[in-house]
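Colleague: Before anything else, here's the structure in question.
The values are calculated or read from the model by the stated rules, or taken from the named source; none is laboratory data. Everything quoted here is computed from the prediction, not taken from an experiment. As a convention, Cβ positions derive from the backbone with ideal geometry for all residues, glycine included, and neighbour counts pool all protein chains shown. Please note that ligands, DNA and RNA were not included when accessible areas were found on the heavy atoms of the full protein model with its side chains. Shrake-Rupley method; radii C 1.70, N 1.55, O 1.52, S 1.80 Å.
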Amino acid sequence: MNSLNLAAEELNPVLPHKAEIVIGLIAFLLLYFVIKKFVTPRFETLYAERTAKIEGGIEKAEQAQAEAQRTLEQYKAQLAEARAEAARIRDDARIEGEQIISELRAKAQEESSRIVAQGQTQLETQRAQIVAELRGELGKLAIDLADRVVGESLEDEVRRRGTVDRFLSELDNTSAPAAK
């Protein structure tokens, strides 16, 4: 039985054979060596590349953010400058408009004065013309009336003028106090 016991001890299903342990240990060490020598450096390289890409991406994002901030500041400065320019243009246009209105008013006033003066001159000319016509007409009527009243002929030109002038001056003298 001892030999059976011995054979039973050797065939224990829970404990592996010594040869399996040695082969498993050699395979594990060989696998560990291959992983340590080839796989781990590759993973480390990939990890380093990925880290560099991420850090580079973060750095690029920060640079892009800084560039965007600079661009935004430039845009704000340009916008403020454009607003100031627009305000200046509006002020200039308003001042220019006021100047134009002032010039137009002055021109209108000047034109109005010129028209009034021209009207006054035209009125004076027409008045003088009417007075001259009326004097002639009045003189003729006065001579006709005097011819009839006096019965003498006032054909003589000198006498006629003297009579007409005297009559008109008397007429002016009588109408002057009434006009005042």
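Colleague: Quick check: pseudo-label points 7 Å beyond the Cα along Cα→Cβ at D147 and A132, how many nm apart are they?
Modeller: In this crude spin-label approximation the distance works out to 2.5 nm.
Colleague: Hey, with R₀ at 45 Å, roughly what FRET efficiency would R88 and Q120 work out to, going by the Cβ-Cβ distance, to 0.05?
Modeller: In this case the efficiency is close to 0.45.
Colleague: Quick one: with all protein chains in place, what share of the accessible area of the stretch 1-135 is carbon or sulfur, to the nearest percent (1.4 Å probe)?
Modeller: Solvent-exposed carbon and sulfur of the stretch 1-135 make up 62 percent of the total.
Colleague: Using the Cα centre of the stretch 8-129 as origin and beta-carbon charges of +1 (Lys, Arg) and -1 (Asp, Glu), tell me which of A27, Q99, Q78 is placed farthest towards the positive end of the dipole.
Modeller: My answer, from the dipole projection, is Q99.
Colleague: State, to one decimal in nm, how far the label point of E170 lies from the label point of T51, with both points 7 Å from Cα in the Cβ direction.
Modeller: 13.9
Colleague: Moving to a separate point now. Express in nm, to one decimal, how much length is gained between I100 and K140 on full extension, taking 0.36 nm for each residue of separation and deducting their alpha carbon distance.
Modeller: Contour length minus the Cα-Cα distance gives 8.6 nm.
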